[in-house]
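Beneath this line is the structure, given in structure tokens, with notes to follow.
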Amino acid sequence: MGILDKKGGKKEKLTLQEYEEAFDLYYTPIRNFLYFKTSQAELAEDVAQDAFVKLWETRAKIDKSSIKAYLYTIANNLAINQLKRDQLKYKFLNLQVERKEKKTPQYLMEMQEFDQKLQDTLAKIPEGAREVFLMNRVEGLKYREIAERLGLSMKAIEKRMSRALAILREEINRKV
Amino acid sequence: MENEEIDKRILEAAGNWKTPFKPGSEQDAKKRLMQMAEQDSEKKSNGAIWMRVAASISLLAIIPVVLLFIGNTQIENSSSEILTHAFPCESEINLNPGSKIQYNKYFWSLRRRVQFEGQGFFNVEEGSKFIVDGESGDVEVLGTAFTVWADSNDLFAHCSSGEVKVWSDLEKEVLKAGQFTLVSGSRLDPVQEWNRKGFIAPNKANSELVFEDLPIGVAISELEMALGFEIEHSLDPSLRYSGRLEPSNPDHCLEVFCKTFNANFVKEEDLVSIHP
């Protein structure tokens, strides 16, 4: 059990060591979450760092056991504000493909096309459903973990995932 | 394609996706954030050190005030006997009835200073300077025995042994053993020779004042206190007085006193004038 997993402790100021531990645990997932949300890699990195700056600034006030939820909330709010301020809209993700298995060039071309269609379709999925879909598929997070991070119920996650799949399926069928 | 097959393909394809961030970008971010946190931490801890230093200084400033307050010692002899009081340095004072002293016992080793009103014979142990503060003058000694009488108007100092410095607001005199002087207002009388007997308070037994070869100024001060009048005189200050006076009858007392010097007195309310 890490320092940050302790529950119900009194509010002691986060130490440098604990702050580093929080970074190691949550920076990448938060940055990715922000990317799934905004589709802007640079913005995601900036906002993720801003969330950690905020965490340090408020380290005396927050409960160590709720750092994860706190970071996601802060990151989400900062991203929304940033999108509003810059009037940015979700465009498209530039997710890269990492294939481990060796396939024929033709199969690879087909897959490439398929990936492109999928990624193009992501913009049509409602934000909540898209985040859940990408967190599950790209981050490899289980529904329970996504529910914890986003502060939602498992049912809500399942629903969002189904919705994302339904839209993707419909689009793929239309394009095929 | 069946829905299940499409879902499977979608999930498989998306499972191979990865975010487009540059390798090592997390490390760069970590470096920046940790640097910021460390700098902020140092700044705060320096601030905390300064806060502690400031608190210590405040405490150091408060302690003397507290000691000054709680170390204040006031002795008033409200009895009819002479009261002997020992100071922390083992110097002593024989305090006449109606006299009082005030000093701080916690600061005594740093500063032997006593506020004094009335009559007292001091026997001072050697050490740092010993100062007697009267309203009209100060007496400073190193190690000696001396007598001080002081009220709001006058200060009389007699040195029995050693040396005694006496200050009025404007002047200073050094008394050697056997000498005395009187401070009246800001004026300091010339030093006069007397005796080395030490304690020179008059004998007040049986409500009488018994003087033995007492300097005229001292005798008049005693009369003032006993009768409750202010006395002004134009007698030669080198005169001495020996005699027995009865203060319960003021007019008779003054008559007896003046007769010794072939002088007369005039009494107006609380002021008595004695002239040859």
Out of all the residues in region A:40-59, which are out of contact with any helix residue (DSSP H, G or I) (no Cβ under 8 Å at 6 or more places or on another chain), surrounded by fewer than 21 Cβ atoms within 10 Å (Cβ to Cβ) and over 16 Å from B:MET36 (Cβ atoms)? A:GLU42
I'd like the full set of residues that are in a strand (DSSP E or B) and surrounded by 12 or more Cβ atoms within 10 Å (Cβ to Cβ), limited to region B:233-249. B:HIS233, B:ARG240, B:TYR241, B:GLY243, B:ARG244, B:LEU245
Considering only region B:47-95, state which residues are farther than 18 Å from B:TRP149 by Cα and in contact with a Ser or Thr (Cβ under 8 Å, 6 or more places away or on another chain). B:PRO88, B:CYS89
Residue check for B:SER56: open to solvent by 80 Å² or more (accessible area, probe 1.4 Å), of a type in the set (S, T, N, Q) and more than 14 Å from chain A (Cβ to nearest Cβ): no
Does B:SER25 satisfy the condition of being within 30 Å of A:MET161 (Cβ to Cβ), surrounded by 13 or more Cβ atoms within 10 Å (Cβ to Cβ) and not basic (Lys, Arg)? yes
Whether any residue in region B:98-106 is among the charged types (D, E, K, R) and farther than 29 Å from B:LEU209 by Cβ is what I want to check. yes
Counting only residues that are touching a residue at least 24 places away in the same chain (Cβ under 8 Å) and either open to solvent by less than 10 Å² (accessible area, probe 1.4 Å) or of a type in the set (A, V, I, L, M) (or both), give me the helices (runs of 4 or more DSSP H) lying completely in region A:102-162 with at least 2 of them. A:105-122, A:127-137
So, in region B:86-99, exactly how many residues are in a strand (DSSP E or B) and surrounded by fewer than 16 Cβ atoms within 10 Å (Cβ to Cβ)? 1
Hey, among B:GLU173, B:GLU212, which residue is modelled with pLDDT of 80 or more and open to solvent by 20 Å² or more (accessible area, probe 1.4 Å)? B:GLU173
Based on this model, can you work out whether A:ARG137 counts as touching a Phe, Trp or Tyr at 6+ places or on another chain (Cβ under 7 Å), under 18 Å from B:ASN3 (Cβ atoms) and within 14 Å of another protein chain (Cβ to nearest Cβ)? yes
Within the bounds of region A:71-84, is there any residue that is closer than 16 Å to B:ARG32 by Cα, open to solvent by less than 40 Å² (accessible area, probe 1.4 Å) and assigned to a helix (DSSP H, G or I)? no
When B:GLN74 is run through (1) in a strand (DSSP E or B); (2) crowded, with 16+ Cβ neighbours inside 10 Å, the failure sits at (2)
Those residues of region B:1-22 that are assigned to a loop (DSSP other than H, G, I, E, B), open to solvent by 80 Å² or more (accessible area, probe 1.4 Å) and at pLDDT 80 or above come to a total of 1
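The values are calculated or read from the model by the stated rules, or taken from the named source; none is laboratory data. Computed from a predicted structure; not experimentally measured. Neighbour counts run over all protein chains shown; Cβ positions are idealised from the backbone, glycine included. Heads up: the accessible areas ignore ligands, DNA and RNA and are worked out on the full protein's heavy atoms, side chains in. Shrake-Rupley method; radii C 1.70, N 1.55, O 1.52, S 1.80 Å.
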